[in-house]
Amino acid sequence: MGHACLTQGLGPSSESSAWAVQTQDLGKVYRTGFWLNQQVTALQPCSLSVYRGETFGLLGPNGAGKTTLLKILLGIIRPSFGTGTVLGHVIGDRAIKQRLGYLPEYPYFYEFLTGWEFLRYTAGLFGLTPAPQRLRDLLDLVGLSPVQAQKKQLRQYSKGMLQRIGIAQALINDPDLVFLDEPMGGLDPIGRFQVREIILTLKQQGKTIFFNSHVLSDVEVICDRIAILDRGELVCLGRLEDLLGSADHYIARGEGGDPADLGRWMHPLIVEGDRWHGTLSGDPYRFVQHLPDLGARLVSLEQARPSLEDFFMEQIYRRSPSGLRQGDPIPRPQDLKSRC
């Protein structure tokens, strides 16, 4: 695990009241095989902390252990080793569940209930009898019509509407800590935007939000801090500005020239017909001076820091058996889909 990826970032003091979630060497091992004599490690020793009131994003490829960690924190499954606390209580303490909200990645809905009836049913699981105004406020928060929710059965809801009613049920008990497992999965751009706005509203209300996601562009906008899991191991943890660094590299765009010559200056270099763009690996001023000799013309040169997508791909790909070595260019995300 690289030292550069282990920054926690600035935050509250280390008093227990400052943390919403704390884990120490938390892990999970499953026994498999006919005789249960084989072991599969779903989560390696994981130590992290989530501050109260922050939005925390947990990232990783499929099978990285994200949902396993989330379910351990919720008390749905038991850890094989390690310890942890949620809102100051030991993981699995039933007394704390009244203060938690949860939206699973694949929620199950009673499709013949209306949205209104579903929220009332969910509230009953907490021993609550919500006032009609409370239900209307929740529906307004997630962008659903209270009138429509009273009349329309869930089987008639679109994917985006089901996701929004799922978030509403996760908030029915006014939780202090909300767990969202892939809240933007399967949504179109409009649905993703709407869910992102809901999460930002919850953030403004001071809720602590812990969520898993594959939509890195949204994570970059929403999250205060992130962690990356890969094959059950915690790879990176910290604030985005600490992990991504400052704007210390340049993106050049231009046209003309020989890609072989331009490739000595840019890694990666992406060529589309006569046009090209890439990340400069050398002195930008020397590059500009040499462009006439290369037979190329510069269209733009801008300073930028790596995107979260670039950073994520680099961390995952460098850990693969046939991955990058230090100093190698980072492939484009579309080139890596089959590799991670």
### Query
Which values, in whole Å and largest first, are the semi-axes of the equivalent ellipsoid of the range 197-283 obtained as the square root of 5 times each eigenvalue of the Cα gyration tensor?
36, 16, 13
### Message
What whole-number distance in Å separates the alpha-carbon centres of the range 61-100 and the range 148-217?
### Response
20 Å
### Task
Run the quick spin-label model on residue 108 and residue 90: label points 7 Å from Cα toward the beta carbon, then report their separation in nm to one decimal.
3.0 nm
### Residue (of 204, 80, 65) at the positive-pole extreme of the chain, dipole from beta-carbon charges
80
### Message
Sequence gap at least 6, Cα distance under 8 Å: using those rules, report the relative contact order of the chain to the nearest whole percent.
### Response
19 percent
### Förster radius 35 Å - calculated FRET efficiency between residue 29 and residue 221, Cβ distance, rounded to 0.05
0.50
### Query
Mind checking the log10 I(q)/I(0) for the range 80-200 at q = 0.09 Å⁻¹? Debye, one equal scatterer per Cα, no solvent, two decimals.
-0.26
### Message
What does DSSP give for the chain in terms of the percent of beta bridges that are antiparallel, rounded to the nearest 5?
### Response
70 percent
### Query
residue 133 to residue 151: extension gain in nm, 0.36 nm per residue of separation minus the Cα-Cα distance?
4.8 nm
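If you take the Cα atoms of the chain, find Rg, then find the Kirkwood Rh from the mean of 1/r over all pairs, what is Rg/Rh?
Values: Rg = 23.4 Å, Rh = 22.4 Å.
Radius of gyration over Kirkwood radius for the chain works out to 1.04.
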### Message
No solvent, one uniform scatterer per C-alpha: report log10 I(q)/I(0) for the range 115-178 via the Debye equation at q = 0.20, 0.23, 0.27, 0.28 1/Å, two decimals.
### Response
-0.71, -0.94, -1.28, -1.36
#### Entry: Dipole moment magnitude, nearest 20 debye, the range 139-195 about Cα centre, only Lys, Arg, Asp, Glu C-beta charged
400 debye
### Message
What figure, in Å² to the nearest 10, do you get for the accessible area of residue 300 with a 1.4 Å probe and non-protein molecules left out?
### Response
40 Å²
### Query
Modelled label-to-label distance, residue 304 and residue 201, 7 Å Cα→beta-carbon offset: nm?
3.2 nm
### Query
Per-residue accessible area for residue 147 at 1.4 Å probe radius, Å² rounded to 10?
90 Å²
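The values are calculated or read from the model by the stated rules, or taken from the named source; none is laboratory data. These numbers come from a predicted model, not from an experiment. Glycine gets a Cβ as well: all are built from the backbone with ideal geometry, and neighbour counts include every protein chain shown. In case anyone asks, the SASA skips ligands and DNA or RNA and just uses the protein heavy atoms, side chains included. Shrake-Rupley method; radii C 1.70, N 1.55, O 1.52, S 1.80 Å.
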